[in-house]
1. Which residue pairs have Cβ atoms under 9 Å apart, sit 6 or more places apart or on different chains, and have a first residue in region 44-69 that is without any contact (Cβ under 8 Å) to a residue 12 or more places away in the chain and a second that is loosely packed, with under 15 Cβ neighbours inside 10 Å and outside any helix (DSSP H, G or I)?
2. Among the residues of region 27-58, write down those that are touching a strand residue (DSSP E or B) at 6+ places or on another chain (Cβ under 8 Å), away from the ligand (no atom under 13 Å from the Cβ) and farther than 18 Å from residue 72 by Cβ.
3. Might you check whether a residue that is within 23 Å of residue 9 (Cα to Cα), assigned to a strand (DSSP E or B) and either over 14 Å from the mean Cα position of the chain (by Cα) or in contact (Cβ under 8 Å) with a residue 40 or more places away in the chain (or both) occurs anywhere in region 91-114?
4. Identify all residues within region 59-72 that are more than 11 Å from the ligand (Cβ to nearest atom), over 17 Å from residue 113 (Cβ atoms) and in contact with a strand residue (DSSP E or B) (Cβ under 9 Å, 6 or more places away or on another chain); write none if there are none.
5. Name, by its number, the condition in (1) within 16 Å of the ligand (Cβ to nearest atom); (2) within 15 Å of residue 115 (Cβ to Cβ); (3) part of a loop (DSSP other than H, G, I, E, B) that does not hold for residue 83.
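Just so you know, all these numbers are worked out from the coordinates, no wet-lab data involved. Predicted model only: the values in this text are computed from it and were never measured. Cβ atoms come from the backbone with ideal geometry, glycine included; neighbour counts cover every protein chain shown.
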Ligand code: FES
């Protein structure tokens, strides 16, 4: 069972393969934003990795990060918890001015993932 460490919050055992965005919300109790519902469109599910950053990413994640000119962050909706990770939460509902965290992401990564090496 992979361990998810959320900087400043705690350590959590998460289900193998769980979407990181859901592990943050459901296991760690973080008010993580996911405005587009986990579809690799909004980037509000972004997190910073302290350790265990995955060395693969989905094409959808690569494309939206590039389109927004973002670096140094990863999209929690595009990551599966398949190993131990330590992350820093940087995009929460609290303080965002939004009325809610966004549509509930599905259990599986969407769009259907095409995996590539992290660029
Ligand atoms: S990009 Fe919108 S929830 Fe991940």
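1. Here the result reads 66/119, each pair linking region 44-69 to a residue that is loosely packed, with under 15 Cβ neighbours inside 10 Å and outside any helix (DSSP H, G or I).
2. 27, 28, 30, 31
3. Within region 91-114 (the criterion being within 23 Å of residue 9 (Cα to Cα), assigned to a strand (DSSP E or B) and either over 14 Å from the mean Cα position of the chain (by Cα) or in contact (Cβ under 8 Å) with a residue 40 or more places away in the chain (or both)), the answer is yes, since at least one residue qualifies.
4. 72
5. (1)
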